[in-house]
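Input: a single structure, listed below in structure tokens.
The values are calculated or read from the model by the stated rules, or taken from the named source; none is laboratory data. Bear in mind the structure is a predicted one, so any value in this text is a computation, not a measurement. So basically every Cβ, Gly included, is an ideal-geometry build from the backbone, and we count neighbours across all protein chains shown.
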Amino acid sequence: MITATILTIGDEILIGQITDTNSAFLARALNKIGIKVIHMASCSDSKSDILGTLKRCLRHSEIVITTGGLGPTKDDITKNVLMTLSLSGKWVRSQKQYNIIKNILQARGIQMLDINRQQAYVPENCTVIPNRIGTAPIMQFHFPKERFGKDNLLFSMPGVPFETEFATEDVIRAIQAHYRLDKIFHRTICTFGIAESVLSKKIESWEDSLPANLHLAYLPNPILGVRLRLSIYGIGEKEGKEELDKYASSLKAILGDAVYGEGETNPQTVAGELLLERDATISTAESCTGGYLAHLLTEIPGSSRYFWGSVVSYDNSVKINTLGVSPNTVKKYGVVSRECVKEMAEGVRKKLGTTYSISTSGIAGPTGATPGKPVGTLWMAASGPKGTVTATIVSKSTRKINIERFAASALDLFRKSLLAGKI
């Protein structure tokens, strides 16, 4: 299998001044054509660091793609390093890139300077892929096996994300023209409500039975739950899909209702689909989630067809006066309780006239714990024509992650309760 390394160049990455989004974008593009990314690295704007890192990358992977370190300023030295690495004897001008630079500057009303002209010059041993929307050309180098032990392609791309993304298709075509590629097939199973460690134990025997060319990855996320990605390598398309279907089916049979979907879906999308199937509506009554549950529901295009509104009852007076929670319930059980979230859910469903409703009340932290109710405690409820279901969880994380997990857990409670015919 052909492998790749993605290298970001620049001090601004290493000091955290900017966030690297190029690597993730490139990795996805490479993966689609059957190239396995085995390393992601970053190095400083130092000639020795760039040169040494590039040599190591070329020894480890057939393909190396760099982003950053290209521009009209003097501190961008990557091109000089590539001149040395490629054993080029002179600079040559790419007329196509020169014309692009000229047109871009003219459109912006900027006079072309020597430093702009210099960007069109590249080492003689490189192939230029014109950067059609920027001034820095994409440089492609080929190193035969005698040089670094592999049949290498090296691509130097600009660091500006929209330029890198725009040029990626051209780079992919160049790779496909050079290598005979095996395909990689993926299948992602989305689960919620099972901790990663518990999940691993539950499917341990199943995982041990996987063939050598089929790999399983655990991808935990507070909102998405734990996604299980199955990947199969070095196999034909028909056989690959059949194998993935076989093992995905057996995995779902083990996990039951913990599985809420496949691929890139999420709990809020699934909730919306269930509501649309039933021509139903939903509302939310939130305390600790502060509207985040409503935010998740409404970030889905077309959610106005089923989401009617929310009451963020952060203060107890709103729970009592707007949602109709009994003062005796608050006094006897507290607001973080089964009884309170039940009344909140039933109250908002009645007030807004929706088919279903979801409520949350808890302690997001970092303070607010009471005896028997530690930080991270959530009570939640899902209500509908058939009744109201309540549940509780404890999430021991930061306030932000607790809130995200609370909202996603409430959506999952709604899904399971609805499918089980309990609400």
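Quick notes on this one:
- Evaluation of E243 against (1) within 30 Å of S359 (Cβ to Cβ); (2) surrounded by 15 or more Cβ atoms within 10 Å (Cβ to Cβ) (one fails), failing number: (1)
- Filtering V226, V270 for residues that are in contact (Cβ under 8 Å) with a residue 24 or more places away in the chain, in a helix (DSSP H, G or I) and within 30 Å of S303 (Cβ to Cβ) leaves a single hit, V270.
A quick yes/no check of all residues on (1) touching a helix residue (DSSP H, G or I) at 6+ places or on another chain (Cβ under 8 Å); (2) surrounded by 13 or more Cβ atoms within 10 Å (Cβ to Cβ); (3) more than 30 Å from F414 (Cα to Cα):
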{"site": "S156", "(1), (2), (3)": "yes, yes, yes"}
{"site": "T164", "(1), (2), (3)": "yes, yes, yes"}
{"site": "Q176", "(1), (2), (3)": "no, yes, yes"}
{"site": "Y179", "(1), (2), (3)": "no, yes, yes"}
{"site": "I184", "(1), (2), (3)": "yes, yes, yes"}
{"site": "P222", "(1), (2), (3)": "yes, yes, no"}
{"site": "K238", "(1), (2), (3)": "no, no, yes"}
{"site": "K252", "(1), (2), (3)": "no, yes, no"}
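- Pair list, Cβ < 6 Å and 6+ apart or interchain, from the range 349-373 residues that are within 12 Å of C288 (Cβ to Cβ) to residues that are surrounded by 24 or more Cβ atoms within 10 Å (Cβ to Cβ) and among the charged types (D, E, K, R): T360/E286
Conditions (1) more than 28 Å from the chain's Cα centre (by Cα); (2) under 20 Å from I33 (Cβ atoms), marked per residue:
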{"site": "K102", "(1), (2)": "yes, no"}
{"site": "D114", "(1), (2)": "yes, no"}
{"site": "P161", "(1), (2)": "no, no"}
{"site": "I175", "(1), (2)": "no, yes"}
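- Members of the range 125-165 that are assigned to a loop (DSSP other than H, G, I, E, B), among the charged types (D, E, K, R) and at pLDDT 95 or above: K150, D151
- Filtered residue count, the range 353-383, keeping only those that are outside any loop (DSSP other than H, G, I, E, B) and surrounded by fewer than 24 Cβ atoms within 10 Å (Cβ to Cβ): 2
- All conditions but one from (1) in contact (Cβ under 8 Å) with a residue 40 or more places away in the chain; (2) part of a strand (DSSP E or B) apply to I401; the one that does not is (2).
- Per-region count, the range 370-391, residues touching a helix residue (DSSP H, G or I) at 6+ places or on another chain (Cβ under 7 Å) and polar (S, T, N, Q): 3
- Candidates L30, L87, L105, L51: the one that is touching a residue at least 40 places away in the same chain (Cβ under 8 Å) and either part of a helix (DSSP H, G or I) or exposed (fewer than 15 other Cβ atoms within 10 Å of the Cβ) (or both) is L30.
- Any chance R278 is under 31 Å from the mean Cα position of the chain (by Cα), of a type in the set (D, E, K, R) and over 30 Å from W206 (Cα atoms): yes
- First in the range 169-182 and touching a residue at least 40 places away in the same chain (Cβ under 8 Å), second anywhere and among the aliphatic types (A, V, I, L, M) and surrounded by fewer than 16 Cβ atoms within 10 Å (Cβ to Cβ), Cβ under 8 Å, 6 or more apart: I175/L181; D182/M1
- Residue check for K183: basic (K, R) and modelled with pLDDT of 95 or more: no
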